[in-house]
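Working notes, beginning with the structure itself.
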Amino acid sequence: MTQVRDAETEACAHGHAAEGAYDQTPRTTATRYQSRVGYDRAAVHAVLDEALVCHLAFVLDGAPVALPTVHARLGDRLYVHGSSGGRFASLDGRPVGVTVTLFDALVLARSWMHHSMAFRSVVVHGTARVVADPTERLDAMRALIDHIAPGRTAESREPTRKELAQTAILALDLEQVSLKTRGDQVADDEGDLALPYWAGAIPLAITAGAAKPAPDLLDGIAAPEYARHYTRSGACGYAY
């Protein structure tokens, strides 16, 4: 496993350079495998910037809810996309959790017990804020689109007032944050090493296929570079 770089190394090219580490708090302190946990700011940013999907968790009517959605980071603030007609709009001032996970390999051991995955994951705790300021809303939406495909906002139209009204964006300050990673090493018991079973790792990565133009695309519009050669894995130099 490539060691996660420290904060002196540049952060993701489409993010912001980051230094230092997030404070360790009781909430961000792991109860198991503490050696896998870190708080390096640049490494946290790199995982958030590479991942396409996050899960937002909260309590609604006394029951836990976890919803998949898309996110984007601007500095030390995370923006999460939702609908104004859904549950997100009711989360202003409420405690929430956000998780992001990148899977880098399947780890196949000789015993059932020691099968695992190589991964990088970030957990964020905090208080949600529904973004109401028009300028911040537009900046957040721009970040969300460019997070999916850097440069895309310059080649697509901005949202209308109606579309903005249909969109809810939550802001969550990155204060209580932790990063957990596991490499692709097989951790079999010494007594199992002589067993006649294959053991090792199967690397995983997001691989984009050929860009498919919309059937109603106007003649003469070529696919942009980011569509023809789309990639995410390793874009920030923190890849597994």
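The values are calculated or read from the model by the stated rules, or taken from the named source; none is laboratory data. Remember, predicted model here, so these are calculated numbers, not experimental data. Methodologically, a virtual Cβ is constructed for each residue, glycine included, from the backbone with ideal geometry; neighbour enumeration extends over all protein chains shown.
Go through segment 148-165 and report how many residues are closer than 21 Å to Ala89 by Cβ and either in a loop (DSSP other than H, G, I, E, B) or in contact with a strand residue (DSSP E or B) (Cβ under 8 Å, 6 or more places away or on another chain) (or both).
2
Look at segment 189-233 and say how many of its residues are hydroxyl-bearing (Ser, Thr, Tyr), exposed (fewer than 10 other Cβ atoms within 10 Å of the Cβ) and under 18 Å from Val107 (Cβ atoms). Break it down stepwise before answering.
Applying the first criterion (hydroxyl-bearing (Ser, Thr, Tyr)) to segment 189-233 yields 197, 207, 226, 230-231, 233.
From the residues that got through so far, the ones that are exposed (fewer than 10 other Cβ atoms within 10 Å of the Cβ) too are 207.
Right, trim to under 18 Å from Val107 (Cβ atoms) and you get none.
Within segment 189-233, residues that are hydroxyl-bearing (Ser, Thr, Tyr), exposed (fewer than 10 other Cβ atoms within 10 Å of the Cβ) and under 18 Å from Val107 (Cβ atoms) number 0.
Could you check segment 172-188 and list, in sequence order, the residues that are of a type in the set (D, E, K, R) and either over 30 Å from Thr127 (Cα atoms) or buried (at least 17 other Cβ atoms within 10 Å of the Cβ) (or both)? Step through it out loud before you land on a result.
First, pick out the residues of segment 172-188 that are of a type in the set (D, E, K, R): 173, 175, 180, 182, 184, 188.
Within segment 172-188, Lys180, Arg182, Asp184, Asp188 qualify.
For Arg36, are the conditions met, namely being within 23 Å of Arg232 (Cα to Cα) and in contact (Cβ under 8 Å) with a residue 60 or more places away in the chain? Write out each step before concluding.
Numbers: within 23 Å of Arg232 (Cα to Cα): no; in contact (Cβ under 8 Å) with a residue 60 or more places away in the chain: yes.
For Arg36, the condition - within 23 Å of Arg232 (Cα to Cα) and in contact (Cβ under 8 Å) with a residue 60 or more places away in the chain - is not met.
Residue check, Ala168 against (1) surrounded by 11 or more Cβ atoms within 10 Å (Cβ to Cβ); (2) part of a loop (DSSP other than H, G, I, E, B); (3) of a type in the set (A, V, I, L, M); (4) touching a helix residue (DSSP H, G or I) at 6+ places or on another chain (Cβ under 9 Å), all met but one. Which one?
(2)
I'd like the full set of residues that are assigned to a loop (DSSP other than H, G, I, E, B), modelled with pLDDT under 90 and either under 18 Å from Leu172 (Cα atoms) or among the hydroxyl-bearing types (Ser, Thr, Tyr) (or both), limited to segment 28-73.
Within segment 28-73, Thr29, Thr31, Tyr33 meet the criteria.
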